[in-house]
1. Using the Karplus curve 6.51 cos²θ - 1.76 cosθ + 1.60 with θ = phi - 60°, work out ³J(HN,Hα) for each residue of the stretch 83-96 in order, rounded to whole Hz, and write x for Gly and Pro.
2. Please enumerate, by chain and number, the lysines with C-alpha under 16 Å from the C-alpha of residue 5, excluding those fewer than 8 residues away in the same chain.
3. For the stretch 1-52, what does the alpha-carbon gyration tensor say about shape, rounded, prolate or oblate, given a ≥ b ≥ c as the root eigenvalues, a/c under 1.5 as rounded, and a/b over b/c as prolate?
4. Mind listing the long-range amide H neighbours of residue 25? Cut-off is under 5 Å, sequence gap 5 or more, other chains count too, H placed in the peptide plane at 1.01 Å from N.
5. So what is the 222 nm mean residue ellipticity for the chain from helices alone, if each DSSP H run of at least 4 adds -39500 (n - 2.57) and you divide by all residues, rounding to the nearest 500 deg cm²/dmol?
6. Nearest 20 debye, what's the magnitude of the dipole of the chain about its Cα centre given +1 on Lys and Arg Cβ and -1 on Asp and Glu Cβ?
7. Computed over the Cα atoms of the chain, what is the convex hull's projected area averaged over all directions, in nm²?
8. Summing +1 for each Lys or Arg and -1 for each Asp or Glu, what net charge is found among the other residues whose Cβ lies under 9 Å from the Cβ of residue 3?
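Every number in this text was worked out from the coordinates using simple rules, so none of it is lab data. These numbers come from a predicted model, not from an experiment. Quick reminder, even Gly has a Cβ in these numbers, built from the backbone with ideal geometry, and neighbours come from all protein chains shown.
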Amino acid sequence: MIYVKIYRVQGEVLLAACDEELLGKTFREGKLKLEVRERFYKGELMDEDALESLLEEATIANLTGERCVSKAIELGYVDPERVLRIEGIPHAQMAKLMW
């Protein structure tokens, strides 16, 4: 299961999603720090298959965890070469360019 929270601001749809077990944790590696804050990520708990329709609507996405990032890669929204790993935890961001 994953936590999903959607923010709608000035025409943008930001999707924040993380694997359930990562919520509230902080990961560090060298100078990098990844905080999986409840305030930002904790929304509705759902199956990762729900990401398909949510990513389709999102203009920006912030994804943390194996299930979230793997699903976004599978759906073609994230390039696996661009995934950042901190303490082995994958993190990816997506932005759609609108013309």
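1. Each residue of the stretch 83-96 in turn: 7, 8, 10, 10, 6, x, 8, x, 9, 9, 10, 9, 9, 8 Hz.
2. 42
3. Details: a/c = 2.24, a/b = 1.37, b/c = 1.64.
Oblate, since a/c reaches 1.5 and b/c is not below a/b.
4. Sorted by chain and number, the residues that satisfy this are 36.
5. On the way: 3 runs with 20 residues, N = 99.
Mean residue ellipticity, 222 nm, calculated: -5000 deg cm²/dmol.
6. Numbers: 14 positive and 19 negative charges, 124 e Å.
For the chain, the charge dipole is close to 600 debye.
7. On the way: hull surface 26.0 nm².
Dividing the Cα hull surface by four gives the mean projection, 6.5 nm².
8. Taking every Cβ under 9 Å from that of residue 3, the sum is -2.
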